[in-house]
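The values are calculated or read from the model by the stated rules, or taken from the named source; none is laboratory data. Just so it is clear, the structure is predicted and the values come from calculations on it, not from any experiment. Here the Cβ is made from the backbone with ideal geometry for all residues, glycine too, and neighbour counts use every protein chain on show.
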Amino acid sequence: MAATEEYDLVVVGHGAAGLAAAVTYAEAREGARIAVLERAPREERGGATRWTGAFLRVAEDRTLDPDWTKRMQRVSAGLADDQYCRLLERETPTTMRFIEERGVKLLFDQFPFAHTLVGGPPAMRPAGRPDGGGKAIVEALSRILEGRSGVDLLYQTEAVRLTISEDGAVDGLMARGPDGLLRRLGARDVVLACGGFEGSSEMLSRYVGPKACDLRLIAPGVRNNRGDGLRMVTEIGGDTAGQFDMIHAEAVDTRTSAADAVIYGFAAGIFVNGNADRFFDEGRDTWDNTFEHIGFEIWRHQNQEAYWIADAKTLAVPGVEHSLLSDVPPERADTIGDLAAKLGIDSEALEKTVAGFNAACGSQEFDVHRLDGKSTIGVTPPKSNWATPLDTPPFIGIPLTSAITFTYGGVRTDLAARVVTPGDVTIPHLYAAGELTGLYYHEYPPGTSVLRSLTFGRLAAEHAAAHA
Ligand SMILES: Cc1cc2nc3c(=O)[nH]c(=O)nc-3n(C[C@H](O)[C@H](O)[C@H](O)COP(=O)(O)OP(=O)(O)OC[C@H]3O[C@@H](n4cnc5c(N)ncnc54)[C@H](O)[C@@H]3O)c2cc1C
C-alpha cells in the first residue's frame, strides 16, 4: 500500500455538494491541504450536477419558494426533516450569492405552463437557473480549486472505505487511484458528497424493488453514483433518512439517448400506455407536481411503455419548445390513426381512446397558465384540468419511457451536515451533503436538489473550517 498522504479536508465527489464544500474550506483556511476525489476522468467530472439544467426553486429576489417547507411536510406526511428544510430556506439567499460571486450567472425563466416553483397559487412567474445549467456551477467552482496551492483534484480516484482512529473518530479514507492501487488519505475532516445509488442496479433492486434494472439513467454522469457514501457511512454505524423505495423518475423520449430528454409541456395532451389506454390524470396538478408521478407510473405499472399524444393547441403555446426537452421533434400526422401508425401503436385503439376523451371534455375555458378546472366528465381516469379535445391537426406524439434521476434514501445528518448515528450522536469529523443525504418522502418538490447540495456542502465546510 502506498504511504499515507495527510490532508486537512478530503472531499468525496466533484458535484455541487463536493465543490461547494471544497471551495468554502479553501477560502476559509488559506493554504489548507484539500483533496477532492472524483470517480470519473476530468473531462466527465461533475456527476449529476454536470448534466442538470438545474432549475432552482428560487425567485428573482434569491429567496426560496416560501411554500416549500410546508409542502415538504405535507407531501412527506411529516417525515421530512423540518429543521433541515427551514435552514435551507434561510440559507438560500447566501447560497445564491455564493455561486453568483464565483462567476455563475443566474437566469430567471418564464415557463410556458403554470407551476408552483416560486410560491403562491399556480402561476407563470419566473424561476431561477444557472446560465449553462449545472455544468456552469461545476466549471466555475472547479476553476477556483484548480492550480490552488494545497488543493489536489484527484480524478479516476474512488473512495473505498472510511478509516477510523481507535476512539472511533473518522481520520481519513482508503482510495483506489487509476493505477488500481489502494492508498490511505489521512484527513482531519471528511466530507462525503458522492451522490445517491441510482447508478447501482444492485442497490436499486435491493431498496426500490423489482424491475429496477429496467430504469434508464437520465444522464451519463449519474452512473458513477453507486451508493458508496451510503455504504461507507452505514459500515461505521451512521444512520439513514429518506424513503428508500422511492426514486425521482421522469418520462423521457425513447427515441433519443440524449440526457434529460424530458417532457414537461403535457398540460394539453393525454398519456396512453402500450394498449393505447389512458392511465393517469394528466391534469391532476401543475406539471412540476405531477411529472415525477408520471415517470414513476410508467416504470412501475405500464411496463416502461407510454406515449404522449397532443394536437396543434400544444404547438400554439408560446415557448412550448422549452418544455419538450428532447432533441428529436415530436412525431406529427394529420389524423390520430396516422399518428398511431408512426408511433407503432394500434390505430383503432388510439382513435377510440381519443374519441372517448374528446367526448368527455367539458365546455369551460381552456387556459394552460393556471389550473383552469376544465375537467372531463365520465371517463376513467379523469383529467382534472386542461381537458380540451384533441381535434386540431397536426396531431403530435412522443414515445416515452421512464428514467431515474436520483434516489430518495440516504445518510442522515444534523444541521451542520455532520453524519449522525441512530442514537443521535455525531460521528466525529464526518460530514455528508447533497444527494447522498436522505430527505424526500413520497414526492420530490422539484428545484431543490442542486440547491440543497450547494447549501449543505457549504455548511459542512464552514463547520469543519471553524473547528479546525
Ligand atoms: C438530467 C438531470 C436533471 C436534473 N434536473 C434538476 C433540476 O432541474 N433541479 C435540481 O435541483 N436538481 C436536478 N437534478 C438533480 C441534481 O442535479 C442532483 O441531485 C445534484 O446535482 C446532486 O449533486 P451532488 O453534488 O450531491 O451529486 P453529484 O453531482 O452527482 O456528484 C457526485 C459525485 O461523486 C462522485 N462519486 C461517486 N462515488 C464516488 C466514489 N466512491 N469515489 C469518488 N467519487 C465518487 C461522482 O462521480 C460525482 O462526481 C437533475 C439531475 C439530472 C441528472
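Results, tabulated for the structure shown:
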item	result
Residue count, the stretch 427-468 (criterion: in a helix (DSSP H, G or I) and within 15 Å of the ligand (Cβ to nearest atom))	16
Residue in the stretch 275-289 that is without any contact (Cβ under 8 Å) to a residue 40 or more places away in the chain and either part of a loop (DSSP other than H, G, I, E, B) or out of contact with any strand residue (DSSP E or B) (no Cβ under 9 Å at 6 or more places or on another chain) (or both) present	no
Entirely in the stretch 291-395, the helices (runs of 4 or more DSSP H) that have 3 or more residues that are in the same structural domain as Gly269 (by TED's automatic domain parsing) and buried (at least 19 other Cβ atoms within 10 Å of the Cβ)	336-343, 347-359
Among (1) farther than 18 Å from Asp152 by Cβ; (2) surrounded by fewer than 24 Cβ atoms within 10 Å (Cβ to Cβ) - the single one Thr4 does not satisfy	(1)
Selection within the stretch 10-59 - out of contact with any strand residue (DSSP E or B) (no Cβ under 6 Å at 6 or more places or on another chain), within 10 Å of the ligand (Cβ to nearest atom) and aliphatic (A, V, I, L, M)	Ala16, Ala17, Leu19, Ala20, Ala40, Ala48
Residue within the stretch 75-96 that is under 15 Å from Ser449 (Cβ atoms), touching a Gly at 6+ places or on another chain (Cβ under 9 Å), among the hydrophobic types (A, V, I, L, M, F, W, C) and away from the ligand (no atom under 15 Å from the Cβ) present	yes
Test: residue in the stretch 181-198 that is more than 9 Å from the ligand (Cβ to nearest atom), more than 23 Å from Ala48 (Cα to Cα) and at pLDDT below 95	no
Candidates Leu162, Leu153, filtered to the one that is among the hydrophobic types (A, V, I, L, M, F, W, C), surrounded by 22 or more Cβ atoms within 10 Å (Cβ to Cβ) and not in a loop (DSSP other than H, G, I, E, B)	Leu162
Residue that is closer than 20 Å to Met246 by Cα, surrounded by 24 or more Cβ atoms within 10 Å (Cβ to Cβ) and touching a Ser or Thr at 6+ places or on another chain (Cβ under 6 Å), where the choices are Thr437, Thr405, Thr401	Thr437
Selected residue (only one of Arg129, Arg125, Arg176 is surrounded by 15 or more Cβ atoms within 10 Å (Cβ to Cβ), in the same structural domain as Gly229 (by TED's automatic domain parsing) and at pLDDT below 95)	Arg125
Residue count, the stretch 244-278 (criterion: within 15 Å of the ligand (Cβ to nearest atom) and among the polar types (S, T, N, Q))	2
Test result for Arg62, near the ligand (Cβ under 6 Å from one of its atoms) and not in a helix (DSSP H, G or I)	no
Flag for Ser205 being assigned to a helix (DSSP H, G or I), among the hydroxyl-bearing types (Ser, Thr, Tyr) and away from the ligand (no atom under 11 Å from the Cβ)	yes
Where Leu87 falls short, out of the listed (1) part of a loop (DSSP other than H, G, I, E, B); (2) over 16 Å from Asp61 (Cβ atoms); (3) not basic (Lys, Arg)	(1)
Boolean, Arg231 is in a loop (DSSP other than H, G, I, E, B) and more than 26 Å from Met72 (Cα to Cα)	no
Residues within the stretch 235-274 that are outside any strand (DSSP E or B), touching a residue at least 40 places away in the same chain (Cβ under 8 Å) and hydroxyl-bearing (Ser, Thr, Tyr), tallied	3
Those residues of the stretch 176-200 which are of a type in the set (Gly, Ala, Ser) and at negative phi, in sequence order	Gly177, Gly186, Ala187, Ala193, Gly196, Gly199, Ser200
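Conditions tested, residue by residue: (1) free of Cβ contacts under 8 Å to residues at least 24 places away in the same chain; (2) within 20 Å of the chain's Cα centre (by Cα); (3) over 25 Å from Asp288 (Cβ atoms).
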position: Phe98; (1), (2), (3): no, no, no
position: Glu101; (1), (2), (3): yes, no, yes
position: Leu107; (1), (2), (3): no, yes, no
position: Phe111; (1), (2), (3): no, yes, no
position: Val118; (1), (2), (3): no, yes, no
position: Arg129; (1), (2), (3): no, yes, no
position: Gly150; (1), (2), (3): no, no, yes
